[in-house]
Amino acid sequence: MRLLRRAEGISSMAFAIVRVRSTVQAGRRVEVTLAQLHLCKINHMVVVPENSTTKGMLNKIKDHVTWGEVSPEMIARVLLKRGEMIGGSPGLSDALIKNSSTKYTSIISFAKAMSSNEARLSDVKNLQPVIRLHPPKGGYENIKRSFRVGGTLGYRGKEIEKLLQRMMADSGKG
């Protein structure tokens, strides 16, 4: 499929998925799907390829997450600010990407590969598969309504970058 898209000149994108709601009173299938995506807690984010499998999973969990296409620049910004190594040590850097036996030399080259679905977070040795974010500055919109009707849930396209920016904003403390 990836070769077909490249041959046709169609650029595939990556989705950033952010968990917004709890699974209280949710079905078992929703809980399993969220666990498969490593979205075990609220305000966790993953970057996944855009394909039919992912779209099916998103359709199943659409009442608990928000998602959209994310640019390589935003992926790099999120990785620099919130990327963590296993064990909780922050500080993802170009040197770490370069020394982790990948072909990427910097965070921006790794982010570009992620947005074109050529790389995953698991390609960097000891990097957490999920990115923990702060709650958005100013709070979420209504978490029981779709984004299309003024809420938070579901597909939001490029607007996901504005939400991610608010979730990475410093609170002014410490």
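Values in this text are rule-based calculations from the coordinates and carry no lab data. On a predicted model such as this, the values are computed, not experimentally measured, just so you know. Quick reminder, even Gly has a Cβ in these numbers, built from the backbone with ideal geometry, and neighbours come from all protein chains shown.
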Point-to-point label distance, LEU96-ASN51, nm (Cα→Cβ direction, 7 Å offset):
2.7
Mean Cβ count within 10 Å, highest first, over the residues of peptides 104-114, 54-64:
104-114, 54-64
From the convex hull of the Cα coordinates of the stretch 52-174, what is the mean projected area in square nanometres?
8.6
Expressed in nm to one decimal, what extension gain is obtained for the pair MET13 and ASN43 from 0.36 nm per residue of sequence separation less their Cα-Cα distance?
8.6 nm
For a label point 7 Å from the Cα of ASP63 along Cα→C-beta, name the residues of the stretch 14-30 whose backbone N is under 14 Å from it.
21-30
Given the options SER89, GLY151, MET13, identify the residue whose Cα lies farthest towards the positive end of the charge dipole of the chain (+1 on Cβ of Lys, Arg; -1 on Cβ of Asp, Glu).
GLY151
Which FRET efficiency value, to the nearest 0.05, do you get for VAL32 and LYS103 by plugging their Cβ-Cβ distance into 1/(1 + (r/R0)^6) with R0 = 30 Å?
0.35
Going through LYS112/LYS137; LYS98/LYS144; LYS103/LYS137; LYS41/LYS162; LYS41/LYS112; LYS60/LYS103 one by one, the pairs whose alpha carbons sit over 32 Å apart turn out to be LYS98/LYS144; LYS103/LYS137; LYS60/LYS103
As a test of the formula, what do you get for the chain when each DSSP H run with n ≥ 4 contributes -39,500 (n - 2.57) and the sum is divided by the residue count, at 222 nm and rounded to the nearest 500 deg cm²/dmol?
-9500 deg cm²/dmol
At R0 = 22 Å, how high is the FRET efficiency between LYS158 and LYS137 if r is their beta carbon distance? Nearest 0.05 is fine.
0.70
